Amino acid sequence: MLRIALSLILLALPAAAADRVTGFTLANGLQAVVIEDPRAPAVVHMVWYRVGSADEPPGKSGIAHYLEHLMFKGTDTMAPGEFSARIEAQGGTDNAFTSWDYTAYHQRIAADRLGIVMAMEADRMANLAIPEDEARTELSVVLEERNQRVDATPGGVFGEQRRAVQFLNHPYGRPIIGWRHEIEGLTPDDARAFYAAHYGPNNAILVVAGDVTADAVRRLAEEHYGPIPPNPRIAPRVRPAEPPQMAERRVLMADVRVGEPYLVRSYLAPPRRAGDQAQAAALTVLAELLGGSPATSVLGRALMHDARVAVQVDAFYDATALDESTFTLAVVPAEGVTLAEAEAALDAALAQFMAGGVDQAAFDRILRQMRAAEIYARDNIGRLARRYGEALAVGLTLDDVQGWPAALQAVTPADVMRSAREVLDLRRAVTGHLDRKDAS
């Protein structure tokens, strides 16, 4: 009886949660999503812009991320740093992030202070000021960030090089933070031009989650964002297409700083598509089957427990992208095992999986785990807000977001194997080895 009751609860919860999500669009083009959750008197407020590093002009890599930093440097009425200082004074927190397809700004604050946040975010949407001295200082900050995250770590350089080989023509091949030599050449005028070309209500998504009502958020949005006119310079996103990959590519790198060698193989893969998420759902399940658990996954059992050639395996699929995405496998060899030996064991395990197919018991367990994870995720309003903002920023719809759990549960073993045969093709892959270099 307990199992039946729990199943009924799990079946009922997604529909109830979906009922608390409301979408609307202001006359100036601002798209808005409200996720009502009254359990705590707090809200997450996010503004997503449909622009990221893949939308940068040639030779200006890093400008989207640089502008993200400059968005905290004041407006016509706010001094540099005042935005975050006001949020902190109200007991809240704020931050931002840039990806290839979007840039997002977010705050968490008491529900009764939502209007304060909206007023300030609307101000910098329309009235950003970029003082010359602040811009020069912030460029140094960005360069140091690149140094710490990429240049000073062999894994950072390795990942950057692999992605550049994965995407030969598409701008997904350049780093979000930018190539160092191009960051060094960025100017305040570059940032102003990028802001003028891409920021505006008609290129933005407002997501508010927490102790709010849709009607109240609409009133506040009309008050603060509504007066901002649409930006006439915003144009459709047109990007260079990646040519068909017809041969395996390899990246071999060695560095004296490498403590633990590892190999990574990434395959080009389709992302979620609006109105048709079936293949993306199958690839999500495939990633869990192959590397989701060290103890029970296909690669975990084969490489870590049976052959004992690895101490760690991973498989992950990035479902949310505007253009082509990737399906990635990673292996950390055990002591004394070379990267070549680990790769051979990986290939053998994959071949065995492709020949034998999906284990039904493992498949059923993963769908149950995904179902439970979906329920638990609803306790985190920040995660929910990000789920909607990220999806809408790459062209998905509210229906797609709300239908994703059902799409996962509809996957069959045959769907998984069909997607595996299509995607796990070495002719569409980049295999990278990061090895330890002899200091002598």
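The values are calculated or read from the model by the stated rules, or taken from the named source; none is laboratory data. If you're wondering where the values come from, they're calculated on a predicted model, not measured in any experiment. Here the Cβ is made from the backbone with ideal geometry for all residues, glycine too, and neighbour counts use every protein chain on show. Heads up: the accessible areas ignore ligands, DNA and RNA and are worked out on the full protein's heavy atoms, side chains in. Shrake-Rupley method; radii C 1.70, N 1.55, O 1.52, S 1.80 Å.
The table below gives the values:
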quantity	calculated
Test for Leu283: is it over 21 Å from Pro413 (Cα atoms), aliphatic (A, V, I, L, M), in a helix (DSSP H, G or I) and touching a residue at least 24 places away in the same chain (Cβ under 8 Å)	no
Residue check, Ala221 in a helix (DSSP H, G or I) and farther than 23 Å from Leu139 by Cβ	yes
Answer residue from segment 111-130, given it is exposed (fewer than 15 other Cβ atoms within 10 Å of the Cβ) and not polar (S, T, N, Q) and is farthest from Thr75 (Cα to Cα) among those	Asp112
Segment 34-45 residues that are under 18 Å from Arg387 (Cα atoms), paired with ones that are among the polar types (S, T, N, Q) and crowded, with 19+ Cβ neighbours inside 10 Å (beta carbon under 6 Å, 6 or more apart)	His45/Gln107
Any hit, segment 102-109, residues being touching a Leu at 6+ places or on another chain (Cβ under 9 Å), closer than 21 Å to Gly382 by Cβ, open to solvent by less than 50 Å² (accessible area, probe 1.4 Å) and assigned to a helix (DSSP H, G or I)	no
Selection status of Arg428, without any contact (Cβ under 8 Å) to a residue 40 or more places away in the chain and under 30 Å from Val51 (Cβ atoms)	no
Contacts under 8 angstrom Cβ, first residue in segment 69-92 being under 11 Å from Met120 (Cβ atoms) and in contact (Cβ under 8 Å) with a residue 12 or more places away in the chain, partner open to solvent by less than 10 Å² (accessible area, probe 1.4 Å) and among the small types (Gly, Ala, Ser), 6 or more apart	Phe83/Gly74
Criterion violated by Ala64 - all others in (1) in contact with a Phe, Trp or Tyr (Cβ under 9 Å, 6 or more places away or on another chain); (2) in a helix (DSSP H, G or I); (3) surrounded by fewer than 23 Cβ atoms within 10 Å (Cβ to Cβ) satisfied	(3)
Residue list for segment 392-414, filter: open to solvent by less than 40 Å² (accessible area, probe 1.4 Å), part of a helix (DSSP H, G or I) and closer than 30 Å to Leu263 by Cα	Leu408, Pro413
Options Arg383, Arg387, Arg378; residue that is modelled with pLDDT under 95, under 18 Å from the mean Cα position of the chain (by Cα) and open to solvent by 30 Å² or more (accessible area, probe 1.4 Å)	Arg383
